[in-house]
1. Can you report the number of residues in region 41-69 which are at pLDDT 95 or above, loosely packed, with under 15 Cβ neighbours inside 10 Å, closer than 22 Å to Tyr110 by Cβ and not polar (S, T, N, Q)?
2. Could you go through region 76-94 and let me know if any residue there is open to solvent by 70 Å² or more (accessible area, probe 1.4 Å), free of Cβ contacts under 8 Å to residues at least 24 places away in the same chain, touching a strand residue (DSSP E or B) at 6+ places or on another chain (Cβ under 7 Å) and in a loop (DSSP other than H, G, I, E, B).
3. Given (1) under 12 Å from the mean Cα position of the chain (by Cα); (2) surrounded by 15 or more Cβ atoms within 10 Å (Cβ to Cβ), identify the lone condition not met by Val12.
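The values are calculated or read from the model by the stated rules, or taken from the named source; none is laboratory data. Not measured: the values here are computed from a predicted model. With ideal geometry, Cβ positions are generated from the backbone for all residues, glycine too; neighbour counts draw on all protein chains shown. For the accessible areas, the whole protein counts, side chains as well, though only heavy atoms, and no ligand, DNA or RNA atoms are used. Shrake-Rupley method; radii C 1.70, N 1.55, O 1.52, S 1.80 Å.
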Amino acid sequence: QVQVVESGGGSVQPGGSLRLSCAASGSIFSINAMGWFRQAPGKERELVALITNGGNINYPDSVKGRFSISRDNAKNTVYLQMNSLKPEDTAVYYCYATVRRSVLGTEYPYWGQGTQVTVSA
């Protein structure tokens, strides 16, 4: 089994900052990509930030310059620093990890339960 657990969501005023953390644990041989997606009410889930095991990072234009993703491979943990938050950043944020459970195993995606981020005055 693999567990992916997020923490750090909450409410903040526009212009504020939040830091999300996510740890993967369980039967893990290796993790390739780790990252964050979000889903606002009535909208589809969208990519927020992704970082590969090799350190390649991808952000959509909507968060570039405001959000920063980082990763601690030794701890199987990924972080998302969110600055200059806007009301449109309000959503449930989901952690994502692609995990290989054995040396010859297939890589599968795992998702966390989600953490609410609310940006309002």
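1. The total comes to 4.
2. no
3. (1)
So that you can scan it fast, the table gives a plain yes or no per residue for (1) in contact (Cβ under 8 Å) with a residue 60 or more places away in the chain; (2) touching a Cys at 6+ places or on another chain (Cβ under 6 Å); (3) farther than 21 Å from Thr90 by Cα:
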residue: Ser7; (1), (2), (3): yes, no, no
residue: Ser25; (1), (2), (3): no, no, yes
residue: Arg45; (1), (2), (3): no, no, no
residue: Asn56; (1), (2), (3): no, no, yes
